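Engineer: Here's a structure for you.
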Amino acid sequence: DGFAEGAGLTGLFAHFAHEWVLLANLFLLLVGFAVLARHFEASRIPDWMPVALPDNWTGGFVLLALVFVLSSFLDNIAAALIGATVARHVFKGRVRIGYLAAIVAASNAGGAGSVIGDTTTTMMWIAGVSPLSVLHAYVAATVALIVSGIPASLAQQKYAPIVKDPPSG
């Protein structure tokens, strides 16, 4: 592949020349997700989420469930970025790493039974696999959301509770 031992800089450039399209697409995909999250934040919806969410540990769990649902029709990374953006607002910037991990878990679980928004399952759908054949994945995904989401929400509530104070204006 041009990146054999001893090939040095020449091999590195040859390898990059072979992979540049993949790397450019990945970079643009990640930039697109960041732009999506920024637009969501600029919409001021995250500012109003504390009003809509319960102000106990169930608020954190409802947020994880929303990420789960978003991920069923958005890409997992996009849903996780939006969830993290909302979490930063509702918890006033004090988000535990365990809760962030739960957001990622919820976004991955939410896309498990959907052929929309996830590259792998969309490719299966295009290839002729019935969307109903992946729907059963939601059973395990829902269990995963409950098993990981409740403890993460309880811990997040102890660390930084949701405070209902709508923005002015």
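Engineer: Within the stretch 21-44, does at least one residue satisfy the condition of being part of a helix (DSSP H, G or I), farther than 30 Å from VAL67 by Cα, open to solvent by 60 Å² or more (accessible area, probe 1.4 Å) and at pLDDT 75 or above?
Structural biologist: There is at least one residue in the stretch 21-44 that is part of a helix (DSSP H, G or I), farther than 30 Å from VAL67 by Cα, open to solvent by 60 Å² or more (accessible area, probe 1.4 Å) and at pLDDT 75 or above.
Engineer: Being of a type outside the set (A, V, I, L, M) and either closer than 14 Å to ILE150 by Cβ or surrounded by fewer than 22 Cβ atoms within 10 Å (Cβ to Cβ) (or both) is the filter here, so list the residues in the stretch 95-113 that pass it.
Structural biologist: ARG96, GLY98, TYR99, ASN108, GLY113
Engineer: Next up: Please go through the stretch 1-20 and give me each residue that is open to solvent by 70 Å² or more (accessible area, probe 1.4 Å) and modelled with pLDDT of 75 or more, ordered by number.
Structural biologist: Those that are open to solvent by 70 Å² or more (accessible area, probe 1.4 Å) and modelled with pLDDT of 75 or more: LEU9, THR10, LEU12, PHE13, PHE16, HIS18, TRP20.
The values are calculated or read from the model by the stated rules, or taken from the named source; none is laboratory data. Since this is a predicted model, take the numbers as computed values, not measurements. Glycine gets a Cβ as well: all are built from the backbone with ideal geometry, and neighbour counts include every protein chain shown. Side chains included, ligands, DNA and RNA excluded: accessible areas come from the protein's heavy atoms. Shrake-Rupley method; radii C 1.70, N 1.55, O 1.52, S 1.80 Å.
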